[in-house]
Amino acid sequence: MGKNLAQKIIEQHLVKGEMKPGSEIAIKIDQTLTQDATGTMAYLQFEAMGIPKVKTELSVSYVDHNTLQTGFENADDHRFLRTVASKYGIYFSRPGNGICHQVHLERFAVPGKTLLGSDSHTPTAGGMGMLAIGAGGLDVAAAMAGNPFYLTMPKILCIKLTGKRSPWVSAKDVILEILRRLTVKGGVGKIIEYAGEGVKDLSVPERATITNMGAELGATTSIFPSDEITLQFLKAQKRESSWTPLSADPDAEYDEVIEINLSELEPLAAKPHSPDAVDTIGNIGPIKVDQVAIGSCTNASYTDLMRVAAILKGKKVHRETELVISPGSRQVMEMLARNGALADMIAAGARILETTCGPCIGMGQAPPSDSVSVRTFNRNFKGRCGTASAGVYLTSPETAAATALNGVLTDPRELGEFIEIEMPDTFLIDDSMIIPPSEESEKVEIIRGPNIKPIPIREELPHTLSGTTLLKVGDNITTDDIMPAGAKILPLRSNIPAIAEYVFSNIDPDFAKRAKENKGGFIIGGINYGQGSSREHAAMAPMYLGIKAVIAKSFARIHKANLVNFGIIPLTFIAEEDYQRLEQGDELIIENIKEQLYGEKITIKNLTKGFSFEVTHDLTPRLIEIILKGGLLNYIKSKNK
């Protein structure tokens with residue numbers, strides 16, 4: 001029996017375990033990436049491990065999230081990240097060089113290698129045949145220290161692409177169709193591998209759009225083969241030496257196969273407030289649109305924006321619609337500037353933003369109250385844009401550009417003849433804003449601003465856990481719900497006591513106060529608790545507030561791992577009725593928790609209502625030991641003694 005592509009790469013990097021779905025494995029990590037919203041904590045954690053230099057083949061620190069400098073905090077973080085990178089053997093991508101996923105695809109991604117990134121959209125590099133996985137910052141710090149990355153061996157879902165896209169149907173429409181079919185939890189516990197003749201219809205940036213939004217499916221990662229199209233892209237980036245042909249064996253088997261005929265697709269949009277609320281542009285109708293935002297790590301490549309510029313050329317943005325555009329990298333921005341496309345966008349009335357994440361994470365360009373914003377981004381969770389009453393629709397760049405011109409949601413097929421954009425034979429190569437580490441690391445002084453606070457550390461697990469049910473929430477709670485982003489909160493990422501004040505603030509503004517008054521307690525959740533961003537602050541800040549366990553119907557992969565990393569026990573309901581019976585304010589107690597963790601079930605007593613109920617978990621002995629130690633950092637320190 002032949003192997004599929006994911007199995008081949010995992011097998012080459014396997015350190016521990018067997019490739020049986022559901023069993024724990026450990027893989028060697030070749031490359032890591034961080035961004036500034038997660039990187040500060042990751043590097044503080046790396047420092048705490050006492051390792052003099054990263055042990056990966058390549059590690060890159062990007063600044064692309066917190067670039068809006070309304071105070072000293074973000075600038076101080078950037079300086080800290082630059083000096084840490086210089087000292088510990090890490091490349092530093094300066095502010096303005098671009099979004100981590102776009103730049104990594106352009107300059108560093110290598111087919112067949114493994115990449116671990118402290119950002120949930122790290123699988124973008126799967127568009128080039130990398131096994132690229134998003135994780136919490138502490139897992140990335142551990143990988144930089146030379147430790148393998150542990151995960152549950154996923155099932156492999158093959159999405160077989162057939163046919164060829166019709167004019168004005170984009171790669172974004174492909175992944176939106178997959179989200180429509182599978183939903184935001186349809187990829188949980190799976191690697192999505194793309195195959196079939198339809199793969200040849202997609203360029204590397206288009207493949208990257210699809211693997212990027214595999215994160216919205218809850219997938220561990222997504223991956224495309226490395227073929228002649230991959231080689232063409234690498235040649236244009238003057239990196240053809242990095243190319244390796246990679247594909248599944250002809251007789252490869254998969255746990256599941258889904259077929260999508262590209263020729264049957266049409267332009268789509270994800271409606272508020274979930275990436276899987278997908279419908280056709282025609283069915284949604286010509287709703288009035290107040291704002292259009294084009295960019296993000298999903299759709300800000302050279303070819304994306306060249307087509308946008310061609311659509312806008314000689315026309316004007318609708319008088320009642322605002323258009324903002326953020327190129328994905330400095331390479332893209334400069335090429336657009338040199339060939340005149342940038343001028344065409346500006347002449348049409350577009351506002352050009354920095355080459356950063358920007359509006360995608362609520363860092364500026366919040367839309368008006370009760371408005372509609374059409375965005376080429378990957379997430380449209382309620383309030384993520386910075387305006388709780390706004391409705392965000394996710395579309396392709398082509399749909400977004402057509403919408404900006406007409407002022408209403410517009411099917412791009414109404415534009416007429418399709419505009420072909422060729423991939424350039426050679427991209428503009430200038431890596432001067434990627435700073436290599438110092439060759440005299442012992443002379444580098446790490447500079448810390450006053451907002452950079454020490455990492456909070458949890459003590460070892462006690463024998464009994466007791467406390468109040470501080471909050472009960474429903475299904476698909478996101479990490480944005482738990483730990484909001486945006487221009488107000490993101491600058492506090494290096495200061496856990498300060499950022500902890502905002503935990504669940506969009507759901508319950510009194511949560512942090514209540515948690516402190518009760519000296520911590522429990523959180524009750526529904527299905528897919530913790531979906532979305534990899535931000536470990538959504539576990540670290542609750543840990544600081546004394547959260548002892550989260551009891552949910554099910555968990556998103558990265559957040560569950562982050563909970564364990566910071567000593568919070570993720571427990572799963574066995575019976576639906578137990579979730580229904582619990583209420584905020586109930587006093588719970590778990591006796592003999594250390595012993596109970598090694599059993600199949602754990603008994604929890606509800607002292608308020610006078611009943612007991614059972615929950616379960618799927619923690620391996622290694623994860624249980626991490627919980628017992630109070631988190632991964634304590635666990636690693638104990639192993640290094």
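Under 18 Å of direct C-alpha separation, and excluding same-chain neighbours fewer than eight residues apart, residue 87 reaches these aspartates and glutamates: 36, 47, 57, 76, 77, 439, 440, 442, 445. By definition, a body whose alpha carbon gyration tensor gives a ≥ b ≥ c is oblate when a/c is 1.5 or more and a/b is not larger than b/c, and the stretch 92-195 fits this oblate description. Inter-part distance, the stretch 133-174 to the stretch 344-389, computed on C-alpha centroids, equals 25 Å. Checking (1) 80, 78, 51; (2) 70, 57, 54; (3) 85, 67, 55 against the coordinates, the calculated Cα extents along the principal axes in Å falls under label (2). DSSP bridge analysis restricted to the stretch 5-264 gives an antiparallel fraction near 20%, rounded to the nearest 5.
How large is the charge dipole for the chain, taken about the Cα centre, if only the Cβ atoms of Lys, Arg (+1) and Asp, Glu (-1) carry charge, to the nearest 20 debye?
Details: 68 positive and 77 negative charges, 255 e Å.
Rounded to the nearest 20 debye, it is 1220 debye.
Between the stretch 242-275 and the stretch 521-588, what is the C-alpha centre distance in whole Å? For the stretch 242-275 versus the stretch 521-588, the Cα centre distance is 31 Å. Helical content of the chain, expressed as a calculated mean residue ellipticity at 222 nm, amounts to -8000 deg cm²/dmol (DSSP H runs of 4 or more residues, -39,500 (n - 2.57) each, divided by residue number, nearest 500). Summarising the amide proton neighbourhood of residue 323: residues at separation of 5 or more, or on other chains, whose placed amide H is nearer than 5 Å comprise 292, 351.
Using C-alpha pairs under 8 Å with a sequence gap of at least 6, the mean separation divided by the residue count of the chain gives a relative contact order of 14 percent. Close amide H pairs (under 5 Å, H built 1.01 Å from N) link residue 98 with 330, residues at least 5 positions away or on another chain. Taking amide H atoms as placed 1.01 Å from N in the peptide plane, the amide H of residue 159 lies under 5 Å from those of 193, 194, 195, 258, each 5 or more residues away in sequence or on another chain. Dipole orientation for the stretch 51-139: of the candidates 137, 72, 93, 93 has the Cα lying most toward the positive pole (charges on Cβ; Lys, Arg +1; Asp, Glu -1).
Structure note, pairs 601/637; 28/172; 8/560; 560/629: Cα-Cα distances above 21 angstrom occur for 601/637; 28/172; 8/560.
Tell me the net charge near residue 622. Cut-off is 14 Å between Cβ atoms, residue 622 excluded, with +1 for each Lys or Arg and -1 for each Asp or Glu. It would help to have the intermediate numbers written out before the result.
Working: positive: 16, 629, 639; negative: 24, 139, 618, 625.
Here the count lands on -1.
Read-outs throughout are calculated quantities, based only on the coordinates presented, and are distinct from any laboratory measurement. Remember, predicted model here, so these are calculated numbers, not experimental data. Positions of Cβ are generated from backbone atoms using ideal geometry, with glycine treated the same way; all protein chains shown enter the neighbour counts.
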